[in-house]
1. Are there any pairs with C-beta distances below 6 angstrom linking a residue in the stretch 442-456 that is among the small types (G, A, S) to a residue that is part of a strand (DSSP E or B) and buried (at least 21 other Cβ atoms within 10 Å of the Cβ), with the two at least 6 apart or on different chains, and if so which?
2. Would you be able to tell me the number of residues in the stretch 246-305 that are part of a helix (DSSP H, G or I) and among the polar types (S, T, N, Q)?
3. Suppose we filter A203, A174, A191 for residues that are in contact (Cβ under 8 Å) with a residue 24 or more places away in the chain and in a helix (DSSP H, G or I); which single one remains?
4. Looking only at residues that are out of contact with any helix residue (DSSP H, G or I) (no Cβ under 6 Å at 6 or more places or on another chain) and in a helix (DSSP H, G or I) in the stretch 143-152, which one is farthest from P527 (Cα to Cα)?
5. Would you point out the residue of the stretch 551-566, among those that are assigned to a loop (DSSP other than H, G, I, E, B) and in contact (Cβ under 8 Å) with a residue 24 or more places away in the chain, that is farthest from I164 (Cα to Cα)?
6. Residues that are assigned to a strand (DSSP E or B), under 22 Å from F336 (Cα atoms) and of a type outside the set (D, E): does the stretch 519-542 have at least one?
7. Could you list all residues from the stretch 334-374 that are part of a loop (DSSP other than H, G, I, E, B) and surrounded by 21 or more Cβ atoms within 10 Å (Cβ to Cβ)?
8. Can you find a residue in the stretch 445-464 that is small (G, A, S), within 29 Å of T148 (Cα to Cα) and assigned to a helix (DSSP H, G or I)?
Amino acid sequence: MSLIPPALSEDTLTILCGVSLVAALLIGHTLFERLRPYPSIAFEVALPEEVLPGWKGGSILTNPSIQEPSRPGQIICYDPSTARHLATIRAHTKEDVDLALIKARKAQEKWAKTTFAERKVVLQSLLDFILCHQESICRVAARDTGKTMVDGKFGEILTTCERIRWTLAHGEDALKDDYRDPGLLMFYKSAKVEYRPMGVVAALVSWNYPFHNTFGPFITAIFAGNGILIKASEHVAWSTMNYYAKIARSCLEACGHDPDLVQFLVGFQDCGEAVVTSGVDGITFIGSPGVGTKVAMAASTNLTPCVLELGGKDVAIVNKDVDLKAVVPILMRGVFQNCGQNCIGIERVIVHEAIHDKLIEMVDSRIKQLKQGPPLEMENIDCGSMTMSGRTPILETLIQDAVSHGATLVAGGKGFVHPKFPQGQFFTPTLITNLRTNMKIAQEEAFAPIMAVFKFSNLDEAVSIANSSIYSLGSNVFSRNQKEGVYVMDRLRAGMSNLNDFGVNYLCQSLPFGGVGKSGYGRFGGPEGLRAVCHQRSITVDRWPMLIQTFLPPVLQYPMNNVGDAIVVTRDLVNIIYAGWVGRIKSVFEIVKVMLVGANEPEQLS
């Protein structure tokens, strides 16, 4: 009988690795729970009836749109996957914004005096609420955006929980006084940077992840000691005002703080403009480059600092040496999660020509099996709906333009009329290949369930294709040869990059998030994100106040009796600090001589 154990299959190894990972996470979580020094305050928020199982209310809108010409001041809220009417909400105006800022400023004056320990109680209470109400949070997001529950767990819950965990564990260290080297000239001083709250900041956030995009800026702002105005997209006004706003305000109130610290606003362009020009102390904007440019211009009126996270045309570069069975599922998730409505979703797959055909074959079979429909009305849905109305003609035009210029449409490429919900806003999961960089689909952000594939023959060509876009947000490289993978990453113009993975830099909340070029500037996430909502104050104090303080010798005091002597003293002072040792020693003797008997050198005027 052999004592050598049989070789484990690849599937068995995968299962064992998965079980080990889950066990490690459970052990780590248990230790974290036992060691955490901050309590949690329980609170509850009523769940909207529209997300309760079996709800069939709400009239079906024949031409769903968030705004009707006859009611310009109203937001028409509806489920984009069914066109069921959810509510009609008054759009906020400049007057609402001004009042919200007054309330937030008053609350922030008290909040700025709270300790980090008090702020951690709020965040821990919020985290515990999220953990207990994951399903409710995701159902609300699904009803308002058409996303699936799984997409909600990934994009709404997981990311928000990790933001809170990182902030609880590392936020205080990121904002503590940062001591700096004062240099030889100021050796007797202690130098530091203090991070003080800006005051009241604003976040104008996008609709694709209404819960996370709301609470990400909220967590950062309040932990740094700020109040915040959150202007949510009109496309998710229902979920924001009927549930998410109540969570944030109820959490603050339950923990004994003024809920006016956070103000929620929903409205159209005039509302956003009012927020930007209101006099807030800092702005975070998540959206398109076109609107981001307008935000920056409007913010310049008050010189309000901005963090802009704008469009993306993220790539996945697939080298010829990869295991396609491992990579294809990641590409599928990267492209089709949330129906492609992700700022760091994979919009371009750049694949080596040696494995191109095999990759197309593998993804084609998977894409054609994807199930579409309303996630709260039908089971086993892979792809929900497009959140914004009117997207189908735009996307079809992009596809048709590419095909007319030589691209090959393998699957999809058009809107999908659901047999049970014909008013739903669906677009068929699409696969298109043989693309070139001069096609519109290669340059314009699709924000849709479209896998757009390019071929390359060598790594430099792959880099050239990737860098041909005006967008420079995230990027992903897949290669078994780590040296080649890093070679490619080092040459990509992007704010973020991942090797052999997709988008995980955002799950590493210690990292800053953001792009360059048309993808925006500034960062949120990590220490940089916390410090971005702070004023940085440079401070010096005497290191040994009883022994040494700054003293100006008589020769340098105003009015100066002999400017020539003052010039010699300052020259020698510079040499003592920065010259070589011979020059330093000579300057010491010269400066002593001047102090005792004077330099007797006239001031040179010509």
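1. Hits for this filter: A448/F427; A452/R348; A452/I432.
2. 3
3. Sole residue among the options that is in contact (Cβ under 8 Å) with a residue 24 or more places away in the chain and in a helix (DSSP H, G or I): A174.
4. Among those that are out of contact with any helix residue (DSSP H, G or I) (no Cβ under 6 Å at 6 or more places or on another chain) and in a helix (DSSP H, G or I), it is T145.
5. Only one residue fits best here, namely N562.
6. No, every residue in the stretch 519-542 fails to be assigned to a strand (DSSP E or B), under 22 Å from F336 (Cα atoms) and of a type outside the set (D, E).
7. We begin by selecting, within the stretch 334-374, every residue part of a loop (DSSP other than H, G, I, E, B); these are 341-347, 353-355, 368-371, 373-374.
If the condition is that a residue be part of a loop (DSSP other than H, G, I, E, B) and surrounded by 21 or more Cβ atoms within 10 Å (Cβ to Cβ), then Q341, N342, C343, I344, G345, I346, E347, G373, P374 are the ones that fit.
8. No, the conditions are met nowhere in the stretch 445-464.
The values are calculated or read from the model by the stated rules, or taken from the named source; none is laboratory data. Bear in mind the structure is a predicted one, so any value in this text is a computation, not a measurement. No Cβ is skipped: glycine too gets one built from the backbone with ideal geometry, and neighbour counts run over all protein chains shown.
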